[in-house]
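A quick write-up on the structure given underneath.
The values are calculated or read from the model by the stated rules, or taken from the named source; none is laboratory data. This one's a predicted model, so the numbers in the text were calculated from it and none came from an experiment. Neighbour counts are summed over all protein chains in view; Cβ atoms, including those assigned to glycine, are modelled from backbone coordinates with ideal geometry. Keep in mind that these areas ignore ligands, DNA and RNA; they rest on the heavy atoms of the full protein, side chains included. Shrake-Rupley method; radii C 1.70, N 1.55, O 1.52, S 1.80 Å.
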Amino acid sequence: MQNNPAIQEQPILAPSRGIERLSLSHFRCYEIFSVSLDSRPVVLTGPNGAGKTNLLESLSFLIPGRGLRRACLSEIRRQGSQDPWAVSVQLQDEEEKIHIGTGLDPEAPDSERRITKINGEKVKSQSALTQWASVLWLTPQMDRLFLEGSQGRRRFLDRLVYGFDSGHAQRLNRYEQALKERNVLLRQGRFDRYWLDSLEETLVNEGVALTIARREVVAQLSSVLKDQGKTFPQAELFLEGTIENYLDGRSLLDVEDEMRRLLYASREQDRLTGRTALGPHRSDLRVVHAEKNQPAALCSTGEQKALLLSIVMASAHLLSVRTGTIPLLLLDEVVAHLDQTRRSALFDELLKLRIQTWLTGTDVSLFEELQGNVQFLSLKEARLVSKT
């Protein structure tokens, strides 16, 4: 194997921010698990079924949502266990230590309710997590992101926005709650003027704010992607939707008035269809292979994976220069699909980012170039069998 000279010349200084300790209980295949770490990147190796992806999934609960598998929370509990699952991490943020614990509510272990504590204090909303950590991930399940419906792409983009706008998750939650209530009222034929006006006002205020935040992140990512090297294909990003179109060339007040008017005018049609046709919940992230001027959906499977990796790396680059949150990057079984040149380029970029990246793979030899710059954890049957 040819090692990457840029990596082998000298060890890269470890970042000063990351996970110092990870503890799990009754989580997936893990009954009890705990490991202490430094802030360097982490490589998880072991056979299929060893529990590598489950560890990444546990870290994905450091941001709002249902994790990288989007599983029902009650299904995450270890098979045969009567106890609720829990994830506990200690984060090192330069000189400050932060403790985050999250898991199923022990008072309602069969529910879909997750509780979160930060430094021992229970928080009212998962959105509080975005003040402390930013988590990006790339998994094999995301390979069809460009081929399936727009909902997955919106969800992907919103996770990126969480890292740059700590209020985005809370705004999204308020918007989705108002949207759900409006749809229920209309389906029931309850045209309560004041109730609907109030819900639509929330949709207008939160919807326009959501769209602006998404547009800003897409613009920042586009700028970074233009400056990326040629190892990975350059992706061009476009956010498409009615509200996005209105924001081009109109004042913010005009956009809000127009959205308010259209929501009012569409009540009867939305009642018949059972859904609200207008709003950022209908937007889409369009990705184009810049060199080919070809939509990502029409690219080869390998090109789609490379485009997705390019976007995630651009996001990680932006997070690496931020000081507001602790960024984590989770790459599940990514390395095995790369040739030697792209693998070496990826390793070089990951070390330059100086954020704690977690990588998984069954073949430890694929990560040989990273020796001395990362910490290796070997897993077997949900147990840590070695750490170097």
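When each of the peptides 377-388, 291-302 is scored by how many other beta carbons lie within 10 Å of its residues on average, the order from highest to lowest is 377-388, 291-302. All C-alpha pair distances within the stretch 50-121, sorted into 5 Å bins from zero, spread as 3, 15, 26, 25, 18, 8, 4, 1, 0 percent across the bins. Seen from Gln375, the other residues with C-beta closer than 9 Å to its C-beta sum to a net charge of +1, counting Lys and Arg as +1 and Asp and Glu as -1. Exposure check, 1.4 Å probe, all protein chains in place: His317 carries approximately 80 Å² of accessible surface.
What is the dipole size for the chain, taken about its Cα centre, with +1 at each Lys and Arg Cβ and -1 at each Asp and Glu Cβ, in debye to the nearest 20?
620 debye
Counted over the chain, the DSSP beta bridges are approximately 70% antiparallel. Taking a sphere under 13 Å around the Cβ of Phe156 and counting the other residues whose Cβ falls inside, with K and R at +1 and D and E at -1, yields a net charge of +4.
Here's the list of aspartates and glutamates a cross-link from Lys52 could span, going by alpha-carbon distance under 15 Å and ignoring same-chain residues fewer than 8 apart: Glu31, Asp332, Glu333, Asp363, Glu381. Taking the Cβ-Cβ separation of Val364 and Gln220 as r and a Förster radius of 51 Å, what is the calculated FRET efficiency to the nearest 0.05? The calculated FRET efficiency here is 0.90. In this structure, the residue pairs whose Cα-Cα separation is over 21 Å, taken from Lys97/Lys117; Lys97/Lys380; Lys226/Lys352; Lys117/Lys380; Lys117/Lys387, are Lys97/Lys380; Lys117/Lys380; Lys117/Lys387. Averaged per residue, the stretch 189-298 has 53 square angstrom of accessible surface, using a 1.4 angstrom probe with ligands and nucleic acids left out.
Modelled spin labels at Asp254 and Thr388, positioned 7 Å past Cα toward Cβ, are 6.4 nm from each other.
Rolling a 1.4 angstrom probe over the chain with all protein chains present gives an accessible area of which 46% lies on carbon and sulfur atoms.
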